[in-house]
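The values are calculated or read from the model by the stated rules, or taken from the named source; none is laboratory data. None of the values given here were measured: they were computed from a predicted structure. Cβ: placed from backbone, ideal geometry, glycine included. Neighbour counts: every protein chain shown.
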Amino acid sequence: METGGQGLMRRWIRGFGLLYLCIRGPRLYRVYRVNGRAAIGRGRPLQEGDNESSWASFYQPKALEKHTDSIMAWVSVLWTISYYSSPLVAFYMYRKGYMTPSRLIPLAQYGLTLMFLLAGIACLRGLGRWSNPQYIQFISILQRTKMDDCPENKKMLSNFNFDFRSWPVDFRWDEASSKDQKGLGLAGGGVPLLTAEPRTRGAADSFFQRVQKLPCQIISYIVAHSFGRRMLYPGSVYLLQKALMPMLLQGQARLVEEYNGKRAKLLACDGNEIDTIFVDRRSSGEQSGSKLVICCEGNAGFYEVGCISTPLDAGYSVLGWNHPGFAGSTGVPFPQNEANAMDAVVQYAVYQLGFTLQDIIVYAWSIGGFTATWAAMSYPDISAIVLDASFDDLVPLALKVMPESWRGLVTRTVRKYLNLNNAEQLCRYQGPVLLIRRTKDEIITTTSPDDVSSNRGNDLLLSLLQHRFPNVMTEDGRSAVRIWLSTSTPEEAESVLSQFGVEEDWCLSVLESYKAENLEQYPWSVGEEMSTEGRQQLALYLAQKYLSSFEATHCTPLPASFFQMPWSI
């Protein structure tokens with residue numbers, strides 16, 4: 001039998017263990033509501049003295065935790081600023097002669113003292129959490145889930161919104177390796193996702209050529225891994241995420257509470273953890289709910305507040321995910337990491353959510369076109385791809401914002417480290433495609449927003465049509481399409497079609513006849529013996545079927561009415 005002293009000792013040990021978990025535990029942001037009631041009620045009945053309204057809101061830390069959390073947040077921000085400014089500070093200290101042992105030793109002692117002070121503040125924060133029943137309930141469920149991630153524990157844990165680094169992994173990229181790969185594309189099973197193009201015989205550089213190129217290669221590497229990557233993906237900058245945190249938390253709450261979204265953490269093959277959310281509409285009874293739309297966000301977009309709202313409003317099942325280094329996702333958004341993340345997302349949709357590739361539509365906004373076209377290229381059985389405000393290649397857009405004297409460096413850096421070759425990848429996909437062009441786009445135009453002819457979405461369309469219908473897109477066909485692409489209003493576009501006498505019934509009958517007699521994949525040889533007028537008509541007909549114009553700027557949310565399934569013959 002356990003004596004009174006042993007029971008007291010056991011309670012003390014349990015209490016100190018709980019205090020340790022509170023010190024080491026993640027920050028808690030919110031306890032969700034479902035159908036107007038506190039979601040915590042699904043985990044356990046409200047205890048005597050609990051106030052439902054206080055549980056059903058943003059987590060309310062007590063005074064001690066609130067103030068210590070604020071101190072830790074400011075320290076984190078100052079540390080980030082110090083990290084980025086450290087090269088300038090080190091250079092200044094060196095010029096002033098401060099880089100000597102007599103000067104550095106006191107700085108090291110000061111840093112050590114600061115570390116002990118921060119450790120004390122963390123302990124005080126843990127005490128504040130320890131005295132809060134909301135946090136105690138949360139940390140107990142989290143610990144129980146880590147020891148046994150059964151569905152019931154996961155369901156209870158999903159009632160809380162907390163620092164995603166502590167969320168357990170729901171799906172690993174290699175879970176699919178032991179399962180049937182039938183129906184998946186090229187990437188399933190963990191093969192290399194991006195590979196360098198093979199070099200022809202005799203193309204290898206000599207030793208002296210490699211030495212000559214070494215300084216340029218070093219500079220390109222530094223540019224890409226310092227400000228280059230952050231300019232391309234500003235959403236990965238910690239300070240920006242810190243400023244957007246309230247908006248992101250509100251967006252997560254909306255997706256969970258209003259749409260019953262299911263958040264999950266995926267582990268990609270490079271070790272990055274990918275933050276996702278899934279809204280299931282399959283039980284709605286609508287045909288669109290049986291289709292899954294995977295959303296790929298822009299360079300400063302997050303699924304919490306991004307393009308995910310468009311297919312949601314249109315009634316589809318939706319899977320959103322954040323780029324590596326964005327919000328709850330870890331890593332940095334280089335092309336290889338982006339492809340690895342997208343691979344994990346597609347496999348998660350197939351193997352855990354239960355969708356077939358034929359039920360998946362990939363939808364991307366802006367720079368998300370890279371991962372969308374990669375998925376379409378790597379999983380060719382995907383149903384369709386919709387690209388909104390996307391571009392063909394990053395190099396022209398990078399040259400637009402950098403000095404002319406940097407042309408060689410910019411081109412070399414992009415091609416080596418940041419090569420977003422959307423057009424090349426899209427041309428390797430055989431399925432239906434819809435391109436949405438913003439007629440007032442100020443981001444992916446190379447001249448001015450009013451010059452719609454310089455929109456790089458035009459070049460993406462031309463590359464796709466040139467690949468799929470090379471005999472139609474001759475010089476005459478391309479010039480007719482370019483005239484049509486230079487129009488910025490529906491009336492102007494219709495006038496061009498009338499000018500060239502486009503007969504839609506005739507164009508459709510030509511394509512249907514060719515398809516009935518030829519089963520080969522793209523490129524098609526249709527238009528080989530056609531007249532100039534016929535090729536121009538067919539080129540314009542195809543252009544208006546593959547591209548839809550939306551009168552708006554780059555960042556204007558796309559209305560659900562514009563989200564339509566791509567045309568197919």
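Points worth noting:
- Subset of the stretch 531-569 (residues that are over 18 Å from W484 (Cβ atoms), aliphatic (A, V, I, L, M) and surrounded by 13 or more Cβ atoms within 10 Å (Cβ to Cβ)): A552, L558, A560, M565
- Only one of Y303, Y363, Y351 that is closer than 28 Å to G285 by Cβ, in contact with a strand residue (DSSP E or B) (Cβ under 9 Å, 6 or more places away or on another chain) and surrounded by fewer than 23 Cβ atoms within 10 Å (Cβ to Cβ): Y351
- Positions within the stretch 517-530 being under 39 Å from the mean Cα position of the chain (by Cα) and either farther than 16 Å from L465 by Cβ or loosely packed, with under 12 Cβ neighbours inside 10 Å (or both), in sequence order: N518, L519, E520, Q521
- In the stretch 90-97, the count of residues that are charged (D, E, K, R), without any contact (Cβ under 8 Å) to a residue 60 or more places away in the chain and over 30 Å from R33 (Cα atoms) is one or more.
- Condition check for L519: within 25 Å of E424 (Cα to Cα), part of a loop (DSSP other than H, G, I, E, B) and assigned by TED's automatic domain parsing to the domain that holds S463: yes
- Members of the stretch 281-315 that are among the β-branched types (V, I, T) and closer than 20 Å to V350 by Cα: V293, I294, I308
- One residue stands out among those in the stretch 309-338 that are surrounded by 24 or more Cβ atoms within 10 Å (Cβ to Cβ) and of a type in the set (A, V, I, L, M, F, W, C): the one that is nearest to A243 (Cα to Cα), which is F326.
Per-residue answers, yes or no, for (1) farther than 30 Å from M402 by Cβ; (2) touching a residue at least 12 places away in the same chain (Cβ under 8 Å):
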site	(1), (2)
C216	no, yes
Y221	no, yes
L249	yes, yes
E258	yes, no
K265	yes, yes
E286	yes, yes
V305	no, yes
I308	yes, yes
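Okay, residues lined up against (1) β-branched (V, I, T); (2) within 16 Å of L387 (Cβ to Cβ):
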site: L460; (1), (2): no, yes
site: F469; (1), (2): no, no
site: V502; (1), (2): yes, no
site: Y514; (1), (2): no, no
site: N518; (1), (2): no, no
site: Q521; (1), (2): no, no
site: G534; (1), (2): no, no
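- Long-range neighbours under 7 Å by Cβ, at least six apart or interchain, first residue in the same structural domain as V481 (by TED's automatic domain parsing) within the stretch 445-460, second β-branched (V, I, T) and loosely packed, with under 15 Cβ neighbours inside 10 Å: S454/T447
- Answer from G325, G354, G331 - the residue that is over 13 Å from the mean Cα position of the chain (by Cα) and part of a loop (DSSP other than H, G, I, E, B): G354
- When the test is whether a residue is in the same structural domain as I308 (by TED's automatic domain parsing), under 16 Å from the mean Cα position of the chain (by Cα) and at pLDDT below 95, R210 does not pass it.
- Only residues that are under 38 Å from the mean Cα position of the chain (by Cα), β-branched (V, I, T) and either crowded, with 17+ Cβ neighbours inside 10 Å or over 30 Å from E442 (Cα atoms) (or both) were counted in the stretch 484-516, giving 2.
- Checking each residue in the stretch 230-273 for being under 19 Å from Q336 (Cα atoms), of a type in the set (A, V, I, L, M) and part of a strand (DSSP E or B) picks out L266, L267.
Yes or no, residue by residue, for (1) out of contact with any Pro (no Cβ under 6 Å at 6 or more places or on another chain); (2) over 26 Å from P246 (Cβ atoms):
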{"position": "Y83", "(1), (2)": "yes, no"}
{"position": "L88", "(1), (2)": "yes, yes"}
{"position": "G97", "(1), (2)": "yes, yes"}
{"position": "T100", "(1), (2)": "yes, yes"}
{"position": "I105", "(1), (2)": "yes, yes"}
{"position": "A108", "(1), (2)": "yes, yes"}
{"position": "I139", "(1), (2)": "yes, no"}
{"position": "N153", "(1), (2)": "yes, yes"}
{"position": "D163", "(1), (2)": "no, no"}
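- Hey, I385 under 23 Å from E297 (Cα atoms), out of contact with any Asp or Glu (no Cβ under 9 Å at 6 or more places or on another chain) and at pLDDT 95 or above or not: yes
- Scanning the stretch 142-161 for any residue that is under 15 Å from P61 (Cα atoms), modelled with pLDDT of 90 or more and either surrounded by 11 or more Cβ atoms within 10 Å (Cβ to Cβ) or in the same structural domain as E257 (by TED's automatic domain parsing) (or both) turns up at least one such residue.
- Exactly one residue out of V318, V293, V279, V305 is at pLDDT below 95 and among the β-branched types (V, I, T): that is V305.
- For first residues located in the stretch 138-157 and touching a residue at least 24 places away in the same chain (Cβ under 8 Å) and of a type outside the set (D, E, K, R), partners that are surrounded by 14 or more Cβ atoms within 10 Å (Cβ to Cβ) and not in a helix (DSSP H, G or I) and lie 6+ apart or on another chain with Cβ distances below 6 Å form the pairs F138/L28; F138/F160; I139/G25; M156/G43.
- Residue that is surrounded by the most Cβ atoms within 10 Å (Cβ to Cβ) [pool: residues in the stretch 260-290 that are closer than 14 Å to S166 by Cα and acidic (D, E)]: D275
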